[in-house]
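The next block holds one structure in the form of structure tokens; read it before the comments.
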Amino acid sequence: MRRTLGIDLGTTNSVVAWLKGGEPEVVSSSPEGGGTPSAVGLTADDGLLVGQEALNWVERDATRVITTVKRLMGRQFKDEKVQQALGRMGDDGPDITEGPDGGVLIRLGEHRYTPVQISAIILRRLKRDAETRLGSGFDRAVITAPAYFGERQIAATREAGRLAGFHVVRVLAEPTSAALAHGVGRAGDEDATTVLVYDLGGGTFDVSILTLMPGVVDVLGVGGDNLLGGTDFDSSLAGHLQGLLDARDAAYEALPGDAAKIRKAAERAKINLSAESSTEVIASPLGASGMVLSETVDRKELEALISDRIEQTVRLTLSTVAGASLRPEDMDQVLLVGGSSVIPLVREQLAEVFGREKLRTDVDPMTCVALGAAVQSALVEELECPGCRAACPLDADACPGCTAPLMGAPTVECPTCHVPAPEGTGECPVCAFDLSGLAAERPTPSPVVCGECAEENAPDALECDLCGAELRDGGGLKCAKCSLVNRPGLAWCSYCDAELPVAAPSDVTPRPIGVRTSDGTLEILIEAGTRYPTEQPVRHDFQVTANPGDMLEIALHEGDLQPAERNDLCGVALYEMTEGAAGTKVLTIAVHLDQDRSIHVEIRLDGAAFSAAAFRRNLMAPEFRRRAREVHGRFQTFLAEWRHELTRAEDTVLNETANALERVVRGEAPGRSLDTLLEEADVLLVRQQNIRSASALSYRYPEHVADLMPQEDSEAMRRHRTALRVAREAADFEHGHKIADEVMSIRRRLGTDLFQVMNALSFASHNGVNAALQQRIQRAGDQLTEAVRQGDLASADAAKSRITDLYQDVRRALDEFSLPERKTVHPRRMVH
Ligand code: ADP
Ligand code: MG
């Protein structure tokens, strides 16, 4: 059967749980229990270190170990959050730089990894450890992420899971997961329960306020400080210990690994002080002389060092409550989550504010998020296909519609850089090593122990050989009344009808969605925490002023920062403003969120339906979109002006590229390297422009100024004209471009004067524009022909210079006729 792991992929610690016989259980990676530090490192000879091993390596070489990578997930290097996180990481860690797509790259040894790849290494290790410990394969996962993670960060988390070999069933918000582990939101609860989740971890502090009813989670508010956590307490205590050490021995000179040793001792002492009132701190050897640090620290001393920051968490908690227009007494329960919430001072302070009876400390704060993720795996009724988004049955191995796999792909590990990749990948994405020959390891299945009689059965047995009891795990929750392990997705026991511990929570938007307005600011259309699918489209009125041919851009961004472009882009709808749509109109934007997270936008102008668009939220980096918009604009201008001159084959190729660009401008991922698409589009347009100009020149020179140029040049022009036509009919841009180059070099050789004469004569031979100018040019042209025929060089030169003067008027006349520039317009706020 398909088994699902629940994974709390934490900033400092990751914890894994599974559903054993209908009840969540932590899978410890170490015999001491607990989680796996979220750290990855490389030894001096490039051996892979994950978890505690990697943390231990910090003392040896901090540049080869990366921790707290979660802060970088799914973000651009320039993102303020990334810059803050880098500031916090200090200078002794690995080199972190901007990647070619604007993302983040982390250097370990010779290799550069993305945060997704580092997370995939951690997840793959967690998967393998769990499989070894439990003796069965896990090919699906529910992975948790903070409530403030936006779509990009969620997608990055999914991608890391996929690379690690999982089908990611769901990325679940951490506070929701914690609530599930605490059994909040049972099928039998009639009233909504309001819970405050206080999550103080290693590096982050998150507060969330949720209301839960069966099947429903509403996020009323999120807050916190994502640079505050247990490591700050370690630093304070380490600083204190360092001070004692310096005061005790004036001769002490620190060695490079000392600080890491003292910090580690400080963390151990801090943890001990949650259970004891005093503890011994021992760290050695320190300094060149091999000193021993040995101190007794009291809880009171620690509290004095950290109380400021704990009070700060309480203040942030209260301001989140107030921000949701609630009072502390409106909270029904306060869930304590995260390793640092074990600290007694935290509990005392929260008890003072909320009342001790509301604090829930019955589920282990370090593991409850992972436990909730395992519970969630029992609540899903169907899987969403990662390919076509169709709903698929839980027991399907692949989507019945589009055949996309619904169980993780077996993965291999690159032997040089250790990054995981699906079996069958050609080149390693990090180090280009050839992975094609590698086969994935598959776990050896272990016997199934019968729950009734403890008999060991074959791994694939469905019922017990000895007592005949059913061995298949229902995959859902266990009924507390009759002990039946139900099918997944049920809220009530299928045998005795008793309520099951929890019901499936709904999906909500993690962050608000807004539209970019004409002054560049963001106007929120959909608030954070909106449940989807939305029952009714959400409508907002704006104004828009446009000329015919202008493009109306409805750019939706996720976030609440100003200006709009600072937020992640969800998608863009583009509308060409027709004759009837021009002028100043009331613009109504109606937004509807689909079950599969798609956004549907409908536009009305002065109340009349105008157009509609739908798009999936995506991961497009703003810089790429800007570049795509620029290239797309040039394509449009070129096509508007010259489409009538293109061959059918050229028209097809150009159109395909223009459409691909438009999809990128709308925010869709292009399905291939964006860099290559933009580069190819750029080259294509430049070539087409050259080919078109060269074609025109190859006609006009022989037609208008054959007598004024060497015969071989006019013959060459005629030859090129034919060759260009052939190339253009086949849309052979490469060859056409070469010929165009030759035409251009003849043009350069013939000089600017002849070019202007040719152009002016060509202009005068066409009807329709400025008859007077046309006549003057034609007269000068006739004089020129006559002078050349008579061999009168002086008159010929005079006629030529008359024509080049007239050419300036031609240019002005042409400018007046050129197409008006197309503008991009945005919605404007209504003035009331
Ligand atoms: P994260 O969610 O950021 O990965 P965790 O919830 O796993 O973090 O918490 C890790 C932090 O909790 C570390 O700073 C660790 O020192 C701290 N911690 C763990 N156990 C205790 C304890 N008993 N008392 C105080 N702090 C603890
Ligand atoms: Mg956590």
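The values are calculated or read from the model by the stated rules, or taken from the named source; none is laboratory data. These numbers come from a predicted model, not from an experiment. In this analysis, Cβ positions are derived from the backbone assuming ideal geometry, glycine residues included, and neighbour counts consider all displayed protein chains. Just so you know, the surface numbers come from the protein's heavy atoms only, side chains and all, with ligands and any DNA or RNA stripped out. Shrake-Rupley method; radii C 1.70, N 1.55, O 1.52, S 1.80 Å.
Tabulated data
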quantity	calculated
Failed condition for Ser319, given (1) touching a residue at least 24 places away in the same chain (Cβ under 8 Å); (2) buried (at least 16 other Cβ atoms within 10 Å of the Cβ)	(2)
Residues located in segment 430-440, provided they are loosely packed, with under 13 Cβ neighbours inside 10 Å and part of a loop (DSSP other than H, G, I, E, B)	Ala432, Ser436, Gly437, Ala439
Filter pass, Thr157 being among the hydroxyl-bearing types (Ser, Thr, Tyr) and either within 16 Å of ligand 1 (Cβ to nearest atom) or open to solvent by 30 Å² or more (accessible area, probe 1.4 Å) (or both)	yes
Selection within segment 749-797 - closer than 12 Å to Asp707 by Cβ and in contact with a Phe, Trp or Tyr (Cβ under 7 Å, 6 or more places away or on another chain)	Met758
Residues that are part of a loop (DSSP other than H, G, I, E, B) and either open to solvent by 60 Å² or more (accessible area, probe 1.4 Å) or among the acidic types (Asp, Glu) (or both), drawn from segment 258-287	Glu276, Ser277
Which listed residue is open to solvent by 10 Å² or more (accessible area, probe 1.4 Å), over 20 Å from Asp225 (Cα atoms) and within 16 Å of ligand 2 (Cβ to nearest atom), from Asp330, Asp364, Asp395	Asp364
Some residue of segment 237-259 being more than 22 Å from Ala54 (Cβ to Cβ), under 27 Å from the mean Cα position of the chain (by Cα) and of a type in the set (A, V, I, L, M)	no
Any hit, segment 314-323, residues being more than 16 Å from ligand 1 (Cβ to nearest atom), modelled with pLDDT of 95 or more and farther than 17 Å from Phe205 by Cα	no
Subset tally (residues that are open to solvent by 70 Å² or more (accessible area, probe 1.4 Å) and either assigned to a loop (DSSP other than H, G, I, E, B) or under 15 Å from Leu350 (Cβ atoms) (or both)) for segment 288-308	2
Long-range neighbours under 7 Å by Cβ, at least six apart or interchain, first residue within 19 Å of Gly257 (Cβ to Cβ) and without any contact (Cβ under 8 Å) to a residue 60 or more places away in the chain within segment 44-59, second of a type outside the set (Asp, Glu) and in a helix (DSSP H, G or I)	Leu49/Trp57; Trp57/Arg64
Verdict on Thr722 being of a type outside the set (D, E, K, R), assigned to a helix (DSSP H, G or I), more than 25 Å from Leu784 (Cα to Cα) and under 28 Å from the mean Cα position of the chain (by Cα)	no
Conditions (1) within 16 Å of ligand 1 (Cβ to nearest atom); (2) at pLDDT below 90; (3) not hydroxyl-bearing (Ser, Thr, Tyr): number failed by Asn272	(2)
Residues that are acidic (Asp, Glu) and either touching a helix residue (DSSP H, G or I) at 6+ places or on another chain (Cβ under 6 Å) or assigned to a helix (DSSP H, G or I) (or both), drawn from segment 770-813	Asp782, Glu786, Asp797, Asp805, Asp809
Boolean, Val69 is under 30 Å from Ala458 (Cα atoms), open to solvent by less than 30 Å² (accessible area, probe 1.4 Å), within 16 Å of ligand 2 (Cβ to nearest atom) and in contact with a helix residue (DSSP H, G or I) (Cβ under 6 Å, 6 or more places away or on another chain)	no
Ile306 vs. criteria more than 34 Å from the chain's Cα centre (by Cα), farther than 24 Å from Asp246 by Cα and touching a residue at least 40 places away in the same chain (Cβ under 8 Å)	no
Total residues in segment 698-718, condition surrounded by 13 or more Cβ atoms within 10 Å (Cβ to Cβ) and free of Cβ contacts under 8 Å to residues at least 12 places away in the same chain	1
When residues of segment 81-135 are limited to those that are among the β-branched types (Val, Ile, Thr) and under 30 Å from Val27 (Cα atoms), the one surrounded by the fewest Cβ atoms within 10 Å (Cβ to Cβ)	Thr132
Among residues of segment 367-396, those that are without any contact (Cβ under 8 Å) to a residue 24 or more places away in the chain and in a loop (DSSP other than H, G, I, E, B), counted	5
One residue from Leu227, Leu244, Leu212, Leu255 being surrounded by fewer than 19 Cβ atoms within 10 Å (Cβ to Cβ), touching a residue at least 12 places away in the same chain (Cβ under 8 Å), away from ligand 2 (no atom under 16 Å from the Cβ) and not in a helix (DSSP H, G or I)	Leu255
Extreme residue, surrounded by the fewest Cβ atoms within 10 Å (Cβ to Cβ), among residues of segment 780-807 that are basic (Lys, Arg) and at pLDDT 90 or above	Arg802
